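Colleague: Quick one: the structure is below, and I'll ask about it shortly.
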Amino acid sequence: MQWTSITAIFALFWVLSAFLVMPFGMRTIEEEGHDRVPGQIDSAPAQFRPGRIALRATILAVALFGLFYANFIYGWIGVEKLNFLGEPPQSKS
């Protein structure tokens with residue numbers, strides 16, 4: 001696998017991980033006991049910490065990419081194992 005492919009696939013895992021870990025640990029303005037600003041949405045976080053989200057996303061992305069790369073090297077799950085519907089029907093030509 002080329003390093004450009006590794007970088008692109010890791011970036012995809014990182015973005016997916018960022019969206020997965022973003023809601024964990026977030027507290028709204030009401031949960032913190034602060035007053036809302038007029039026009040502010042109810043679900044707005046009281047303290048947005050992008051550094052913490054990036055760290056959590058990086059840790060999860062490294063773990064997921066490690067599993068992906070190990071599967072690439074050792075071939076645990078291949079295309080033939082994902083064929084749940086059996087052989088495709090033969091076309092009559």
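Colleague: Pick from 53, 59, 29: which is modelled with pLDDT of 90 or more, β-branched (Val, Ile, Thr) and surrounded by 14 or more Cβ atoms within 10 Å (Cβ to Cβ)?
Modeller: 53
Colleague: Just checking, which of 70, 18 is within 12 Å of the chain's Cα centre (by Cα) and on the phi < 0 side of the Ramachandran plot?
Modeller: Selected residue: 18, the only one of 70, 18 that is within 12 Å of the chain's Cα centre (by Cα) and on the phi < 0 side of the Ramachandran plot.
Colleague: Six or more apart or on different chains, Cβ under 8 Å: which pairs go from a residue in region 1-20 that's surrounded by 10 or more Cβ atoms within 10 Å (Cβ to Cβ) to one that's polar (S, T, N, Q) and in a helix (DSSP H, G or I)? Could you list them?
Modeller: Cβ pairs passing all conditions: 14/58; 17/58.
Colleague: Just to be sure before I move on: is residue 43 among the polar types (S, T, N, Q) and within 12 Å of the chain's Cα centre (by Cα) in the structure I sent?
Modeller: no
Colleague: If you scan region 62-93, which residues turn out to be surrounded by fewer than 11 Cβ atoms within 10 Å (Cβ to Cβ), at pLDDT 85 or above and assigned to a helix (DSSP H, G or I)?
Modeller: Selection gives 73, 74.
Colleague: Take residue 33 and decide whether it is at positive phi and touching a residue at least 24 places away in the same chain (Cβ under 8 Å).
Modeller: no
Colleague: Does region 21-28 contain at least one residue that is outside any loop (DSSP other than H, G, I, E, B), free of Cβ contacts under 8 Å to residues at least 60 places away in the same chain, touching a strand residue (DSSP E or B) at 6+ places or on another chain (Cβ under 8 Å) and farther than 15 Å from residue 68 by Cα?
Modeller: Yes, region 21-28 contains a residue that is outside any loop (DSSP other than H, G, I, E, B), free of Cβ contacts under 8 Å to residues at least 60 places away in the same chain, touching a strand residue (DSSP E or B) at 6+ places or on another chain (Cβ under 8 Å) and farther than 15 Å from residue 68 by Cα.
The values are calculated or read from the model by the stated rules, or taken from the named source; none is laboratory data. Note that the structure is predicted; figures quoted are calculated from it, not measured. Cβ atoms come from the backbone with ideal geometry, glycine included; neighbour counts cover every protein chain shown.
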